[in-house]
Amino acid sequence: MVKFSMEQLRDIMDKKENIRNMCVIAHVDHGKSTLTDSLVAAAGIIAVENAGDARLTDTRQDEQDRCITIKSTGISLYYNMTDASLEAYKGPRDGNEYLINLIDSPGHVDFSSEVTAALRITDGALVVVDCVEGVCVQTETVLRQALAERIKPVLTVNKMDRCFLELMLDGEEAFQNFSRVIENANVIMATYADELMGEVMVFPEKGTVSFSAGLHNWAFTLTVFSQMYASKFGVEVSKMMEKLWGDNFFDPTTKKWTKKHTGVKTCKRGFVQFCYEPIRMVIDCAMAGNNDKLFAMCDKLKIVLNKDDKDLVGKPLMKRVMQKWLPADVALLEMIIFHLPSPTKAQSYRVENLYEGPLDDRYADAIRRCDPEGPLMLYVSKMIPAQDKGRFFAFGRVFSGKVATGQKVRIMGPNYVPGEKKDLYIKNVQRTVLCMGRRQDAVEDVPCGNTVALVGLDTFILKNATLTNEKNDDAFPIKAMKFSVSPVVRVAVEPKHASDLPKLVEGLKRLSKSDPMVICSIEETGEHIIAGAGELHLEICLKDLRDDFMGGAEIRVSEPVVSFRETIYDTSDHIVMSKSPNKHNRLYMQATPMEEGLAEAIDEGTVGPRDDPKIRGRLLAEKFDWDKDLSKKIWAFGPETTGPNMLIDMCKGVQYLNEIKDSCVAAFQWASKEGPLCDENMRAVKAEVHDVVLHADAIHRGGGQIIPTCRRAIYASFLTAKPRLMEPIYMVEIQAPERALGGIYGCLNTKRGQVFEEMQRPGTPMYTIKAYLPVIESFGFTNTLRAATSGEAFPTCMFDHWEVLMADPYSDGSQANKIVMDTRKRKGAKNELPSVNDYEDKL
């Protein structure tokens, strides 16, 4: 039975102190969707009996089949709290009704762009950590993303039932385990915290940590237990909470609290004695079938069981008793309402991370105050595919003002520049709807502080956009999101039947809308390329493309292709010369490799074409031992004017040199984008112009003469400098028990992987292994690894760096040679490698 109507929901949207926007984040398979179910059940949307198994927020069929979340799903929940449960809440509130806009996000590293999109439009995060596995690599990644967006975290230690049923831990071990998990999480939070947010670390005694078992639908914070015991001990609830965590020991025989263990058998830690042991007794009685003792305990704890409940045996009985005694929603709601910020509070410190323009104009001010009467500022963070094929809802959050059905809005895309017309549309909103997991419910208008989905704007928004009122032409857009992964794996797709080509083109447009990360492009050869973050990500994208966006038309998919880079590892063995087509101009050039770390510095933007030459000169001289004067002579960076290659002028006193500078730069951009080996980008190459002999007459040294000459000279100098290929490398983190280590090392060795760190997780038999793995070898790596370790190892890959392949591409049968020939064949180039004589001229 649903406990609220749309009218009630709409009324409460105006009470912005009573709204909480939150998102559930965690490592993959730590129980986010399962835990979300208990909150959904408390709002009456699904039956409490099904909670934990229904996974309502996994809306797609493949999510249910694979048991992983792929897309982040929003759902709005309404709760009417009792006065008793809110009496300890000191913050501002308006009545007892609360609206919680909850977004369940995926945990898999390939979908971390979905997490970024979800975090942008929420203010708080519920971080779920498995009490056995502890803080994992993805937990750290999502926490870092959350704190970068200034999102306040609260923690829940999930899968408590495993402590009692699987591991049979005694109280002291369990306490040490939990406190270590919480400490690890706090270390990460303290590292990335922002002083404007105030305290972000979490502590059980302050109520910001809860302990839960999502599958069995029960949870508690220390508040729940301290309220039980406070009257018995005759102390305040807050005092009692401090006693229930940390080094506080109680001896029932002397009835005294001590800070140290006295050594007496009856003396036990507060948490163990008053929280852990009672739960353990209830669970043990239920599992052992000791019903008389169990029902006696239930009477003491005031748990009311009806006749049907008493007929259950074993696990179902335990589940029912625990649900009635410590319902999950009470603990989680208390944590969400008391410790996560309302939109008003959160936007006051988030505004400078959100708004691109000046922080004192009226838009920034309205966002800061979360003002419903102010100008509309709405950020669309992702597009959700609708039921009817090909249409999308624009899902986002209103930061100020109101958005209403039929309202005219000004849509500013990611490439919009204030004062220009580029990427700017003015259109009507057809309908405003609220997301309810699997269905959408229409509402008249939505005020600030809420999440909303809009209908009818999908043709104008590609992935994300900022919306404001029609007349606000001085508004700046909201900042674009930064993703933590980059798309390095590409496949080419083509339709099986040529008549389906228009369907494919249309399908690719829709695909790039539906996923915040994926990049669809058309190569010069006419191939359609889809680039994604990893194998799983691509697999899901291709399935969507085929089934949803192309109506089941068949497509052919090439083997996954990895982009390489071309580089050199020695200086050219002689200065090469190239003549212009009219034989009147000669260029003398040489190529040298860049110093180590310089290409990375250019990638990160610490060195670039827009820097002040003096500062850049100092940096290059100090870090990379450059000559101070040389840094002023950098003509260009390439490809695309920002890439990690340089064109440098080394000439001494040459006439007319400035006149051909533009032509040389154009030639260099062209050459560095398509290297001589296999048309891939160059990387870490310095092309040096050593001498130029030009015709005295300007007409004989135009661009048509110089550009091809300069390009040939660059290619020739490149080929005389020991050319090599560079390949992208993943960093893999693998979690596995000790007995699986042999299989992991064997598997990595066959795939050219190298392990650089191995750590045992304290207190568990699990090991964490970090290794470098070439991207080209990573296809099917997960399956091979699981086969080698009988499914016990769990890998996570993310892009790390570029590495040189030491094999010579010119020696037949070497690996580099094979890659070059394959790439040339794919791109339709000549079937033999270029030689220096193709490019170099003799005097």
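The values are calculated or read from the model by the stated rules, or taken from the named source; none is laboratory data. The model shown is predicted, which means the values in this text are computed figures rather than measured ones. Virtual Cβ from ideal backbone geometry, glycine too; neighbours counted across all protein chains shown. Remember, those area values only see protein heavy atoms, side chains included, never the ligands or the DNA or RNA. Shrake-Rupley method; radii C 1.70, N 1.55, O 1.52, S 1.80 Å.
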Would you tally the net charge around residue 426, using a Cβ to Cβ cut-off of less than 13 Å, leaving residue 426 out, and scoring K and R as +1, D and E as -1? +2
Need one value: the accessible area of residue 595 in square angstrom, 1.4 angstrom probe, rounded to the nearest 10. 60
Given 4 °C and 1.567 mPa s, how large is the Stokes-Einstein diffusion coefficient of the stretch 511-599 in µm²/s, with Rh as the Kirkwood radius over Cα pairs? 73
Filter the cross-link list 260/302; 751/818; 152/345; 152/243 down to pairs whose alpha-carbon distance in this structure exceeds 22 Å. 260/302; 152/243
Compute the accessible area per residue over the chain, keeping the other protein chains in place, probe 1.4 Å, unit Å². 42
Summing +1 per Lys or Arg and -1 per Asp or Glu among the other residues with Cβ less than 10 Å from residue 712's Cβ gives -1
Taking 0.36 nm per residue of separation between residue 838 and residue 806 and subtracting their Cα-Cα distance, the length gained on full extension comes to 9.1 nm
I need the fraction of alpha carbon pairs in the stretch 53-208 separated by more than 24 Å, rounded to a whole percent. 45
The stretch 52-148: trypsin sites (Lys or Arg not before Pro) in DSSP loop, at most 11 other beta carbons within 10 Å: 90
Could you tell me how many cubic angstrom of Cα convex hull volume the stretch 339-446 has per residue? 131
Which value in deg cm²/dmol, rounded to the nearest 500, describes the helix-derived mean residue ellipticity at 222 nm for the chain, given -39,500 (n - 2.57) per DSSP H run of n ≥ 4 and division by the residue count? -9500 deg cm²/dmol
Give, as a single signed number, the net charge of other residues whose beta carbon lies under 15 Å from the beta carbon of residue 841, with Lys and Arg counted +1 and Asp and Glu -1. +3
When the chain is fully extended, how far beyond the present Cα-Cα distance does residue 582 get from residue 629, taking 0.36 nm per residue of separation? 13.5 nm
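Based on the Kirkwood radius over alpha-carbon pairs, what value in µm²/s does the Stokes-Einstein equation return for the translational diffusion coefficient of the stretch 394-447 at 20 °C and 1.002 mPa s?
Diffusion coefficient, whole number: 168 µm²/s.
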With every protein chain kept in the model, how would you rank 546, 618 by accessible area, 1.4 Å probe, largest at the top? 618, 546
Just for the Cα atoms in the stretch 230-335, what are the lengths along the principal axes, largest first, rounded to whole Å? 45, 33, 20
Which of the lysines could be linked to residue 686 by a straight reach, that is with a Cα gap under 22 Å, when you skip same-chain ones fewer than 8 residues away? 579, 614, 623, 628, 632, 633, 652, 661, 673, 722
Ranking 780, 374, 538 by how far each Cα lies towards the positive end of the charge dipole of the chain (+1 on Lys and Arg Cβ, -1 on Asp and Glu Cβ), the top one is 374
Length-normalised contact order for the chain - Cα pairs under 8 Å, 6+ apart - percent: 9
Suppose we look only past 54 Å in the calculated P(r) of the chain. What percent of the Cα-Cα pairs does that tail hold? 23
In terms of Cα to Cα distance under 25 Å, which lysines are near enough to residue 496, apart from those fewer than 8 places away along the same chain? 389, 509, 513, 543, 825, 827
Enter the angle in degrees (range 0 to 90, nearest 10) between the Cα long axis of helix 741-750 and the first principal axis of the Cα atoms of the chain, meaning the one along which they spread out most. 20
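Over the residues of the stretch 166-225, compute the C-alpha Rg and express it relative to 2.2 N^0.38 Å.
Taking N as the residue count of the stretch 166-225, the ratio is 1.32.
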At 7 Å along the Cα-to-beta-carbon direction for both residue 543 and residue 420, put a label point, then send me their distance in nm to one decimal. 4.0
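Determine one quarter of the surface area of the Cα convex hull of the stretch 561-654, which equals its mean projected area, and express it in nm² to one decimal.
8.6
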What fraction of the Cα pairs in the stretch 626-759, stated in percent, has a spacing above 20 angstrom? 58
If you scale each eigenvalue of the Cα gyration tensor by 5 and take the root, what three semi-axes come out for the stretch 59-121, rounded to whole angstrom and sorted largest first? 33, 14, 9
Just read off the accessible area of residue 635 with the full protein assembly in place, 1.4 Å probe, to the nearest 10 Å². 40
For the stretch 783-843, inverting the pair-averaged 1/r of distinct alpha-carbon atoms gives a Kirkwood value in Å of 15.6
Compute the helix-to-body angle for 535-544: its Cα long axis versus the longest principal axis of the chain, expressed 0 to 90° and rounded to tens. 80
Going through the cross-link list 15/90; 206/319; 482/503; 232/310, which pairs have a Cα-Cα distance over 21 Å in this structure? 206/319; 482/503; 232/310
Can you tell me the 0 to 90 degree angle between the C-alpha axis of helix 137-148 and the longest principal axis of the chain, rounded to 10? 90
